[in-house]
Amino acid sequence: MSSKTLIKQGAEAKLYSATFHGRPCIVKERFKKSYRHPSLDQSLTNQRIKSEVRALLRSRMNGVRTPTVYFVDLETSQICMEEIRDSVTVRDYIMSVQKSQSLEDSIVQLKPLGRKIGETLAVLHQNNIVHGDLTTSNMLLQSDPMNLNLVMIDFGLSHFENLAEDKGVDLYVLERAILSTHPNSDEFFSEILDSYTQSNPGSADVIAKLDEVRMRGRKRTMVG
Amino acid sequence: MVIAIGFEGSANKLGIGIIKDGEVLSNPRHTYITPPGQGFLPRDTAKHHQKHALDILRKALDEAKVTPSDIDVVCYTKGPGMGAPLVSTALVARTVAQLWRKPIIGFLNPYQPSDIEMGRLITGADNPTVLYVSGGNTQVIAYSQRRYRIFGETIDIAVGNCLDRFARVLKLSNDPSPGYNIEQLAKNGKKFLELPYTVKGMDVSFSGLLSYIEEKAPELVEKGEYTPEDLCFSLQETVFAMLIEITERAMAHCGSQEVLIVGGVGCNKRLQEMMGKMAEERGAKLYATDERFCIDNGAMIAQAGWEMYKSGQTTPLKDTFCTQR
Ligand SMILES: Nc1ncnc2c1ncn2[C@@H]1O[C@H](COP(=O)(O)OP(=O)(O)O)[C@@H](O)[C@H]1O
Ligand SMILES: [Mg+2]
């Protein structure tokens, strides 16, 4: 692997761009967190690298586009993977659409993307892949965003689980992330849920759980 | 120069604080303590507040070395919280306001998102990510799209509730609070027990961890594998790591470089230390968490009221009601 240059520092990882056998790649390195107990830190980091690699592969085998994993090094806590070139995050794309046009127009333009996201999540969930950190920063659109080449990334918090509860929480996490990040995004999220429901025959239980988790938030007692 | 007095009684603590231009003159409080292993009921809590209101008021005035005539404005919490204790406390605030002929300001807990703007005013933080942790709340709140929004929260029980319930398993005293006693024991813990760690995006869940440790703790202690100190230590390390992680994720997500901890659990020194380290590693700033920013005290309410009073807002007496939500 060639020398690497830092491109991004997220919450738990540094992302570098490098090349792997002549191909551009991304190195995701989870760094030590000095605030947490060393054995907890080590165990979480290893767990997350393993979850991420497994889910990247498993999603891809089930037809959801993810970066190809080139190699993994648990010693240095690194994953080397395909760089999704010429891509933007869904987050940046939504923001640019909303900036460049009226509210009504942007709602219309974002509809197909909402459908695509819903279908993709349905595939993941039907294969019992729970992402664990669904946000618009963890979805990329490659080349022309209008082509809807959606690539899912950042599976460190993922797990395999057939429980409606876990899938419901997955959607809940996405709902909160979308509503808190993007103004006027209610319809966009409804579109995601609609297409999720249409593409996933087992969605009724999941949606019921989603409603339940939403309610829990409101019922918590106020005792200081 | 403005002097404000604040009354806080939305939960099991009754606090009365006096603030003079941002400086805490006094901030006594009294906690309603139930026997080990018991929670508190609204009615008994209200009785506690009624019983202690006058003593604490006297103490607040004496410690601050002020007389009622020095006070410019009376402030109290309208809610949210437990109905009966809120009403008892509001009654005291309303009575003294009329007795002393002072304006009154009633408002919702300043760290509720609708009013959280106040928190920013108080601390001078420009764009903080706020971790709000108390017996009833666990939220990560950050500034986005020109207002405060909840980015993450617990999807089941609150962190304070989790600590309290574990304290009951170990039969720790409720005096001064279960969380405080866990913190003290944890200082002598050495052996780390790995516990379920559940973070989902910017949300956390504690119920799995709690039922795991509730089930295992008695046996582990009995067999001598772990001491109660070790278990308190492991619980704190795990639960706080989860809270710091979601706070950090929210900061990364919003590009925020300031962080503030508020709420009762925010007084925990280990939590503050962990947050400080996280902030330092990100080149961010942790805002001082002193008693003015803990939710359950009168000084916090007085401080928030002081800000409102300076901007010319008071509450007409007919609007000085309470709300549980
Ligand atoms: N394979 C990739 N190709 C291109 N960009 C990537 C790739 N992986 C990550 N990124 C970029 O880096 C950012 C952070 O990566 P991510 O895996 O989400 O880490 P974190 O856990 O820190 O959020 C992403 O939002 C995206 O912009
Ligand atoms: Mg990410």
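Checking each residue in segment A:60-92 for being over 17 Å from A:PRO24 (Cα atoms) and more than 15 Å from ligand 2 (Cβ to nearest atom) picks out A:ARG60, A:MET61, A:ASN62, A:GLY63, A:VAL64, A:ARG65, A:ASP73, A:LEU74, A:GLU75, A:THR76, A:SER77. Here B:ILE246 meets each of (1) within 11 Å of another protein chain (Cβ to nearest Cβ); (2) at pLDDT below 95; (3) under 13 Å from B:ILE141 (Cβ atoms) with one exception, condition (2). Which of (1) of a type in the set (D, E, K, R); (2) within 8 Å of ligand 1 (Cβ to nearest atom); (3) loosely packed, with under 14 Cβ neighbours inside 10 Å does A:LYS32 not meet, given it meets every other one? Among (1) of a type in the set (D, E, K, R); (2) within 8 Å of ligand 1 (Cβ to nearest atom); (3) loosely packed, with under 14 Cβ neighbours inside 10 Å, A:LYS32 violates only (2). Of the strands (runs of 3 or more DSSP E) lying entirely inside segment B:7-107, the ones with 3 or more residues being more than 25 Å from B:TYR180 (Cα to Cα) are found at B:73-79. Among the residues of segment A:115-139 satisfying the criterion of being within 16 Å of ligand 2 (Cβ to nearest atom) and among the small types (Gly, Ala, Ser), which is modelled with the lowest pLDDT? If we take residues in segment A:115-139 being within 16 Å of ligand 2 (Cβ to nearest atom) and among the small types (Gly, Ala, Ser), then A:SER137 is modelled with the lowest pLDDT.
Screening A:SER96 with (1) more than 16 Å from ligand 2 (Cβ to nearest atom); (2) without any contact (Cβ under 8 Å) to a residue 12 or more places away in the chain; (3) farther than 26 Å from A:GLU175 by Cα gives one miss only, at (3).
Conditions (1) within 11 Å of ligand 1 (Cβ to nearest atom); (2) in contact with a helix residue (DSSP H, G or I) (Cβ under 8 Å, 6 or more places away or on another chain), marked per residue:
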| position | (1), (2) |
| --- | --- |
| A:THR76 | no, no |
| A:THR89 | yes, yes |
| A:TYR93 | no, yes |
| A:GLN98 | no, yes |
| A:ILE107 | no, yes |
| A:LEU113 | no, yes |
| A:GLY118 | no, yes |
| A:HIS125 | no, yes |
| A:ASN128 | no, no |
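Output yes when any residue across segment B:233-255 is in the same structural domain as B:TYR132 (by TED's automatic domain parsing), of a type in the set (Ser, Thr, Tyr), touching a residue at least 24 places away in the same chain (Cβ under 8 Å) and assigned to a loop (DSSP other than H, G, I, E, B), and no when none is. There is no residue in segment B:233-255 that is in the same structural domain as B:TYR132 (by TED's automatic domain parsing), of a type in the set (Ser, Thr, Tyr), touching a residue at least 24 places away in the same chain (Cβ under 8 Å) and assigned to a loop (DSSP other than H, G, I, E, B). So is A:ARG58 basic (Lys, Arg), in contact with a strand residue (DSSP E or B) (Cβ under 7 Å, 6 or more places away or on another chain) and within 16 Å of ligand 1 (Cβ to nearest atom) or not? Spelling it out, it is not the case that A:ARG58 is basic (Lys, Arg), in contact with a strand residue (DSSP E or B) (Cβ under 7 Å, 6 or more places away or on another chain) and within 16 Å of ligand 1 (Cβ to nearest atom). Taking the listed residues B:LEU172, B:LEU185, the one that is in contact with a helix residue (DSSP H, G or I) (Cβ under 8 Å, 6 or more places away or on another chain) and crowded, with 22+ Cβ neighbours inside 10 Å is B:LEU172, with no other qualifying.
The values are calculated or read from the model by the stated rules, or taken from the named source; none is laboratory data. Worth saying up front: this structure is predicted, and the values here are computed from it rather than measured. When we count neighbours, we look across all protein chains shown, and the Cβ atoms used for this are built from the backbone with ideal geometry, even at glycine.
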